[in-house]
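J.: Sharing a structure with you now.
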Amino acid sequence: MPGSVLLLRQQEGESRLDPYVQFEYVNLKRLAEKLQAVVRYAGLVVTSQRGVEAICQALKLLPADCNAIAEWSKLPVFVVGQATKTITESKLGFSCQGAASGNSENLAARIIEYFVDCDSRHLLFPCSNIKKETLPTLLLEANIPLDCLTVYRTAPHPDIHRSLQTIKNTGVPDLTVFFSPSGVAFALPALQELGILPAHTKCIAIGASTKRALLSSAQQVAGTASEPTPAGVLHVCLQVLATE
């Protein structure tokens with residue numbers, strides 16, 4: 001049956017996506033220093049497109065004759081999600097693995113399998129200030145050292161209430177898709193204050209970690225994408241709408 005869907009993620013391309021979060025890049029000089037010291041590392045871990053953008057900005061701080069990109073391209077690069085894989089390959093030229101892992105637990109298993117004969121060097125992990133500790137903990141238990149550096153800060157978008165009020169005024173969506181745990185943390189309170197949740201829209205999660213965030217916030221989850229891709233989101237949305 002026909003239905004309307006609210007996508008709670010940042011605006012990309014020409015699709016209208018209502019903002020709930022904003023980003024500030026930090027520690028880029030420290031990141032540049034670490035990228036230049038490639039011999040200290042056994043590989044790179046990137047779990048978001050913002051992490052890739054931080055690397056791009058940090059590389060601009062290095063000397064013109066620095067060959068950091070070429071050296072890092074010789075090491076394994078682990079990512080989560082097709083979007084992160086695509087931007088990593090297009091902007092940095094790195095060959096990536098782990099894109100289909102879907103979450104930190106599966107990515108950790110992939111990394112542990114790769115380093116079964118553990119390299120004593122660290123993996124570099126440019127991350128958010130609100131990263132989950134799942135990946136660092138699992139790798140530490142496997143004696144794989146992870147060098148975590150906060151390279152961007154995530155905060156609620158100042159226009160979140162106005163954007164969602166506009167949505168409410170024009171008609172409450174049948175489904176609301178959450179694309180990350182931070183989306184749950186920042187958008188959910190505003191949705192509740194405006195009366196959009198829990199009564200008037202059903203929650204869809206992009207993946208397992210986002211589903212857990214919704215459930216821990218006492219929200220029912222109508223569906224979870226089988227994979228964190230546009231096709232996966234579309235499929236679960238159509239499934240849920242078909243049951244109404």
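J.: Between R162, R212, which is open to solvent by 60 Å² or more (accessible area, probe 1.4 Å) and closer than 17 Å to G102 by Cα? Can you show your working first?
T.: Values: R162 fails: closer than 17 Å to G102 by Cα.
Only one candidate qualifies: R212.
J.: Restricting to the range 215-237, and then to whatever is under 12 Å from V184 (Cβ atoms) and either in contact with a Lys or Arg (Cβ under 8 Å, 6 or more places away or on another chain) or not in a helix (DSSP H, G or I) (or both), can you tell me which residue is least open to solvent (accessible area, probe 1.4 Å)? I'd like the intermediate steps shown before the answer.
T.: Filtering the range 215-237 down to residues under 12 Å from V184 (Cβ atoms) leaves 215-219, 221.
Within this subset, residues satisfying the condition of being either in contact with a Lys or Arg (Cβ under 8 Å, 6 or more places away or on another chain) or not in a helix (DSSP H, G or I) (or both) are 217-219, 221.
On the way: S217: 48, A218: 88, Q219: 16, V221: 37 Å².
Step by step, filter the range 215-237, then rank; the result is Q219.
J.: Residue check, N169 against (1) polar (S, T, N, Q); (2) assigned to a helix (DSSP H, G or I); (3) touching a Phe, Trp or Tyr at 6+ places or on another chain (Cβ under 8 Å), all met but one. Which one?
T.: Failed condition: (3).
J.: Now a separate question. Does the range 174-188 contain any residue that is open to solvent by less than 20 Å² (accessible area, probe 1.4 Å), assigned to a loop (DSSP other than H, G, I, E, B) and more than 23 Å from A83 (Cα to Cα)?
T.: No - not one qualifying residue is present in the range 174-188.
J.: I would also like to ask the following. Can you tell me which residue in the range 138-153 is farthest from A58 (Cα to Cα), limited to those that are open to solvent by 60 Å² or more (accessible area, probe 1.4 Å) and not hydrophobic (A, V, I, L, M, F, W, C)?
T.: Here is the first cut: in the range 138-153, the ones open to solvent by 60 Å² or more (accessible area, probe 1.4 Å) are 140-141, 143, 153.
Filter again for not hydrophobic (A, V, I, L, M, F, W, C), leaving 141, 143, 153.
Values: E141: 30, N143: 28, R153: 15 Å.
Only one residue tops the list, namely E141.
J.: Looking only at strands (runs of 3 or more DSSP E) that fall completely inside the range 47-163, which ones have 3 or more residues that are under 30 Å from I196 (Cα atoms) and touching a residue at least 60 places away in the same chain (Cβ under 8 Å)? Spell out the reasoning first.
T.: Values: elements: 77-79, 122-128, 146-156.
Filter on the range 47-163 gives 146-156.
J.: Related question: What number of residues within the range 87-111 satisfy the criterion of being touching a strand residue (DSSP E or B) at 6+ places or on another chain (Cβ under 9 Å) and among the hydroxyl-bearing types (S, T, Y)?
T.: Matching residues across the range 87-111 total 3.
J.: When the residues of the range 29-75 are narrowed to those that are farther than 19 Å from V151 by Cα and under 25 Å from the mean Cα position of the chain (by Cα), which ends up surrounded by the most Cβ atoms within 10 Å (Cβ to Cβ)?
T.: Among those that are farther than 19 Å from V151 by Cα and under 25 Å from the mean Cα position of the chain (by Cα), it is A42.
The values are calculated or read from the model by the stated rules, or taken from the named source; none is laboratory data. Note that the coordinates shown come from a computational prediction; the quantities given were computed from them, not determined experimentally. Ideal geometry is used to build each Cβ from the backbone, glycine not excepted, and the neighbour counts take in all protein chains shown. Areas reflect the complete protein model, heavy atoms only, side chains present, ligands, DNA and RNA absent. Shrake-Rupley method; radii C 1.70, N 1.55, O 1.52, S 1.80 Å.
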